[in-house]
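The values are calculated or read from the model by the stated rules, or taken from the named source; none is laboratory data. Being a predicted model, the structure only gives us computed values, none of them experimental. Backbone-built Cβ (ideal geometry, glycine too); neighbour counts: all protein chains shown. The accessibility values were calculated without ligands, DNA or RNA, using every heavy atom of the protein model including side chains. Shrake-Rupley method; radii C 1.70, N 1.55, O 1.52, S 1.80 Å.
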Amino acid sequence: MKKKTVVDCGLLHTATTMVQSVNVKALTTLASVIRRPYLASPHVFVPTVSDVNYQALRDHCGVKAVIFDKDNTLTAPYENDLHPRARVGLQSALDVFGRENVAILSNSAGTDDDPGFVDGKEIEEALGIAVIKHSEKKPGGLDETINHFPNVSDPSQLCMVGDRLLTDVVFGNLHGMLTVHILPLCSGKENRRDNKVAKVVRIIENKIMYGSWWGGRKIRQLTLPHKSWRGEDECPLIISDRSDTTIHNDELGDIQ
């Protein structure tokens, strides 16, 4: 299948069956993030989707539905098979919330770059969960997302989970969702299909947010509060043994 280039948040992504498109929403939101960098600061940071306590999300945080990014969150980039490290997390989310309250919000599949919803259908068949159709890419797409879940009446009842600060986390924080940021699932040869520019920008995002410098610590101190979640001390959402928010170089992914 011929590959074409897609522009997402000002970055080039190589994807199958996609047409060239600009993520206008991300570009227009960038100025807001520069002025208010805490928009990119997540409520929770964990290594993978399997390190989240979904039961606590539902029972103690007012969350009624979970939205996942796809590439490097549930699957390897541009692959449709569920990654082994994401299997436990996705199943846990399905067990707790039910299949109708778990979905994927992608900046490629389900957008106008996916004519006939071809890629969306393939992903739904492979992963067994819905792909939300939306015309405006993250950090846009709120209306379609809310409408996808009949039992959700307020964005604070949604949890957004993804590996990108400037799209996934900003999208959630702009609208009052509970945001969970994860490390990219893949590195090295496993990450060979990921776009090189995107990999570099992801590393920069993460180093700014989590690096051992005063600016990152200040940004995280200003993380926007969630309507119901009162913090990790009062309501733990991390089930991993590792709870620090320092990203080490070997976790950032290869850029060569």
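Worth a mention:
- Estimated at the nearest 10 Å², the accessible area of residue 219 is 20 Å² with a 1.4 Å probe.
- In a simple Cβ point-charge model (Lys, Arg +1; Asp, Glu -1; nothing else charged), region 134-222 has a dipole of about 660 debye relative to its Cα centre.
- Chymotrypsin sites (Phe, Trp or Tyr not before Pro) within region 187-229: DSSP coil, no more than 13 neighbouring Cβ in 10 Å: 213
- For region 145-190 versus region 79-109, the inter-centroid distance based on Cα atoms is 12 Å.
- Filter on 133/196; 138/196; 189/227; 138/189; 64/133 - keep pairs with C-alpha separation over 31 Å: 189/227
- Once the chain from residue 222 to residue 200 is taken as fully extended at 0.36 nm per residue, the excess over their C-alpha distance is 5.4 nm.
- Simple spin-label estimate for residue 55 and residue 208 in nanometres, 7 Å along Cα-Cβ: 3.8 nm
- Whole-percent carbon and sulfur share, accessible surface of region 103-216, 1.4 Å: 54 percent
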